[in-house]
Amino acid sequence: MIRAFFPLFLLLSCSLLAQKQTFDLLTYTPPKGWKASPQENVMAYSIINQAKGTWAQIGIYKSIASKGSIDNDFTSEWNNLAVKQYNATGLETNSALTAGDWKVKAGGGKFKFNNADAIVMLTTMTGYNVCVSIVATTNSQDYLDAIQNLLGTIDLKKPAENVSGNLQVNQNNNPDVTNGFAFNITNFDDGWTSTIKEDWVEVTKGSVKVLIHYPKEGTIFPADPEPLTNAAWNILVAPRYSYLKNYRTAYISTYNRPYLGFGNATNNADGKEVFLVLFRQGESGWIEFITPDKNTFINTFKFDPYNIRWDSETDLMNPLLAMAAYNKFAVAATDFKGTWTSDFTGMQQLYNVYTGNYAGMNINQSNQTFVFANANSYNWSILAVNGQVGNMRYAQAKSSGKFSVPNNWQVKFSDIEGKPKTYHAFWSCIKGARLLHLLDADFPGNGMYTIFGKK
């Protein structure tokens, strides 16, 4: 039997010998010897002792919008991350504490894994209108100290301005990029303005210009940092500039390695010299930063690219990475035409925790489709396949009705699986097309939007 152990750890800034890592808003020291498994919305660590049949996992989840209080956030995260994923029961919690500008609450319960006892522990932190959660699971007390040590090294930073908040939108004024959509400009409440262009989304604020480049062939391929960055620079940047000076490339060695290329060049359009930085990290795509000089870049994004080394702190890249979120445009009722689909496939290899032997594969696959017709009517369907190979289960559902757009960032359907449903919604852009992003407004889960493309 595993003894329940649900400590509440305050957020501390600790200097340890082990190298710290950064994921989203958290900086921390990962447990030594654990396997890191980076994913888009969660950074996972795991360890297994085949001889003893013991194991443990830690998941650090990307921040999501707060539900108004630490108690509401903890309850929602427990239901989404513990009950739904592990069928956890017997919840015990500690009282919420204050750590700087953050509220922190921890708790845990038990569940069964391979018919054996295991525990799940949740730590949720709420502040600045967001919440962050860490989930730890294990079948042995041997790993509790390692979990405690990670939590004790956490340092949380203030999030960037929430670009999904009070946004203003402008009607299209560039017919070359409208493609039948109502909006191609977004004025963010932090002063940035995004405009859809033919080959990129252009984001401006004062004298600073940022180009969120659309995916382009030849700019992403397996390679060392320098040749990959040089190839992307030659395709995306070089054709618009001359007289490149002081060009260098840099990277930081981490699980989702940031790539940088930078230097001074003359803009062919107006003959003025500018300072350029080309950046990519994880799924951000290539983003180009254009400033009048290097000092303007440093003052805006808070670091000097020439000082970046392979072992620099990855959180230096957060201001650059945040710019990817400005590829975001409002929705209108007239935008929804035709058929939009989203496909998802996930595979999980299974191993026996006691023997380490392969135990098969789980597959989760779904296809969701919206068909929008005239007079604000729609047809919706979903087909889901899941289970272990050789014992798959199939399920499907359909509905139809009317949809409306209550504001520029939501769409409401009269019937999805037997009841009305409202989604947070926005468009992002790629070359010659748009992608529809939808997130259940009542059950946002980990905050990850489902993305639909036009068929």
Around residue 152, with a cut-off of 15 angstrom between Cβ atoms, what is the net charge of the other residues, counting Lys and Arg +1 and Asp and Glu -1? 0
Want the number for residue 235 to residue 69: 0.36 nm per residue separation, take away the alpha-carbon distance, what's left? 55.0 nm
FRET efficiency estimate (nearest 0.05) - Cβ-Cβ, residue 255 to residue 207, R0 30 angstrom: 0.30
Pair residue 283, residue 415: separation of 7 Å Cα→Cβ label points (nm): 3.3 nm
Classified through the alpha carbon gyration tensor (a ≥ b ≥ c as square roots of its eigenvalues; rounded if a/c is under 1.5, else prolate when a/b is larger than b/c, else oblate), the stretch 193-318 comes out rounded
For residue 69, what charge total do you get from the other residues with a beta carbon under 12 Å from its beta carbon, if Lys and Arg give +1 and Asp and Glu give -1? +1
Over all pairs of distinct alpha carbons, what does the Kirkwood formula give as the hydrodynamic radius of the stretch 210-265, in Å? 12.2 Å
Estimated inter-spin distance, residue 374 and residue 190, nm [label 7 Å along Cα→Cβ]: 4.4 nm
Length released on extending from residue 311 to residue 41, taking residue separation times 0.36 nm less the Cα-Cα span: 94.9 nm
Given points 7 Å out from each Cα along the Cα-Cβ axis, report the residue 433 to residue 95 separation in nanometres with one decimal. 5.6 nm
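Bear in mind these aren't lab numbers, they're just calculated from the coordinates by the rules spelled out. Bear in mind that the values here come from a model prediction, so they are computed numbers and not experimental data. Reconstructed Cβ throughout: ideal geometry from the backbone, glycine too, with neighbour counts over all protein chains shown.
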